[in-house]
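Rule-based calculations on the coordinates, nothing more; no lab input. Keep in mind the model is a prediction, meaning the values are calculated, not measured. Please note: Cβ atoms are built from the backbone with ideal geometry, for glycine as well, and neighbour counts cover all protein chains shown.
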């Protein structure tokens with residue numbers, strides 16, 4: 001990928017899907033839920049919980065999407081190798097978020113990713129990921145949101161915020177039953193039955 | 001605060017301390033650890049685990065700081081009201097991160113916060129926070145990293161990344177025993193005993 005020429009840009013803005021690897025159903029349920037909700041709120045198009053199933057997370061994500069709007073695809077159980085192979089077969093780019101990767105602030109890695117103007121699969125691990133994740137067989141780019149250990153949830157949030165240039169936080173989520181009215185004080189919510 | 005004039009800027013860049021409210025020692029241990037490590041990695045100066053103690057989190061944060069460098073203050077058990085009162089007594093600004101707040105992307109709230117050039121205490125809840133958090137008795141600003149529900153960890157990461165204009169991810173953490181050498185492929189670590 002990195003030696004090939006960036007593709008001709010299409011008129012459709014690139015989409016991002018987040019693949020969560022290494023989820024352990026009980027231990028990781030809250031963190032993985034936060035990763036999935038971050039993906040949704042910061043305008044990824046979908047989420048793949050690879051290799052395992054966790055109906056609790058699916059229910060939470062579905063419930064949030066029904067209430068708060070938008071379309072967000074949720075998939076689980078797909079083997080990660082298959083998900084990556086499928087993505088590459090569709091000419092998508094694969095980005096692995098890791099503290100060991102090229103620094104998103106001090107390198108031009110984000111510009112290089114965006115120059116392809118292709119859909120991006122973002123791999124987000126939990127515990128130690130398989131070594132293959134770092135190789136060109138799996139990832140086109142290894143990206144560090146800084147090079148200090150912190151949180152896959154935070155790394156994903158900053159990556160999405162920068163990838164979408166902040167515009168994802170201004171997006172209106174269509175079909176919402178409830179909308180927050182941003183306020184300096186208190187909680188204001190508008191329901192779809194309000195005038 | 002919002003009616004007063006921004007203070008004359010000092011030469012010292014403003015510092016941020018993160019206060020985590022509502023931590024439940026067993027249930028929240030991993031999420032709160034991620035929040036604390038995000039605070040550290042994205043260059044907050046310290047972390048207050050309010051109202052409760054959790055030695056497991058303190059140990060993890062201390063261990064990471066010893067290995068990966070920098071100075072990062074960790075405090076726990078302080079009642080949140082006292083921490084906020086102490087902060088205000090030192091003329092600091094208090095920012096509450098909440099999905100109900102002024103949108104960091106669509107409003108000028110971040111510019112207004114930064115115009116004060118004062119140290120900032122960032123309040124990060126877990127479950128439903130006390131209603132007082134939204135009032136001017138506690139918070140100078142209520143800020144939404146978007147207005148969709150997601151994760152306090154992600155909200156904090158994006159807030160810090162924007163507050164520090166991304167420069168926090170380029171910072172060298174002094175006194176580290178181990179440093180990651182950012183790489184396109186694989187894991188490269190330099191220890192302080194390497195030549």
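Which number do you get for Rg(Cα) / (2.2 N^0.38 Å) in chain A? Before the final figure, lay out each step's value.
Details: Rg = 17.1 Å, N = 195, 2.2 N^0.38 = 16.3 Å.
The value comes to 1.05.
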Degrees separating the helix B:55-68 axis from the principal Cα axis of chain B, which is the longest one: 60
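Report, for the protein assembly as shown, the % of DSSP beta bridges that are antiparallel, rounded to 5.
10
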Residue order, fewest to most surrounding Cβ atoms within 10 angstrom, among A:43, B:153: A:43, B:153
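Using the count of nearby Cβ atoms within 10 Å as a rough guide to exposure, how do A:154, A:191, A:107 rank from fewest to most? Please report the intermediate quantities before stating the final value.
Details: A:154 30, A:191 10, A:107 15.
Sorted ascending by nearby Cβ count, the order is A:191, A:107, A:154.
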C-alpha long axis of helix B:80-89 to longest principal axis of chain B, angle in °: 80
Separation of alpha-carbon centers, segment B:83-111 and segment B:128-195, rounded to whole Å: 16
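How big is the antiparallel share of DSSP beta bridges in segment B:69-195, given as a percent to the nearest 5?
Numbers: 3 of 13 bridges.
Here the antiparallel bridges make up roughly 25 percent for segment B:69-195.
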Percentage relative contact order, chain A, counting C-alpha pairs under 8 Å, at least six apart: 27
Exam field: residue B:82 pseudo-label spacings to other copies (7 Å along Cα-Cβ), nanometres: 5.6
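Where does chain B land at 222 nm, in deg cm²/dmol rounded to the nearest 500, when only DSSP H runs of n ≥ 4 count, each adding -39500 (n - 2.57), divided by all residues? Don't skip to the end; give the middle numbers.
Details: 5 runs with 56 residues, N = 195.
My calculation for chain B gives -8500 deg cm²/dmol from helical runs alone.
Quick check on the exposure proxy: order A:137, B:54 from fewest to most C-beta atoms within 10 angstrom.
Listed from fewest to most nearby Cβ atoms, that is A:137, B:54.
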Other-copy label distances relative to residue B:25, 7 angstrom Cα-Cβ extension, nm: 3.0
Degrees separating the helix A:152-163 axis from the principal Cα axis of chain A, which is the longest one: 90
Nm distances between copies for residue B:117, ranked from closest, using label points 7 Å along Cα→Cβ: 4.3
Gyration tensor (Cα) of the protein assembly as shown, equivalent ellipsoid semi-axes in angstrom: 32, 26, 20
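Over all residues in A:134-143, what is the mean tally of Cβ atoms on other chains that come within 10 Å of each residue's Cβ?
The shielding value for this peptide is 2.
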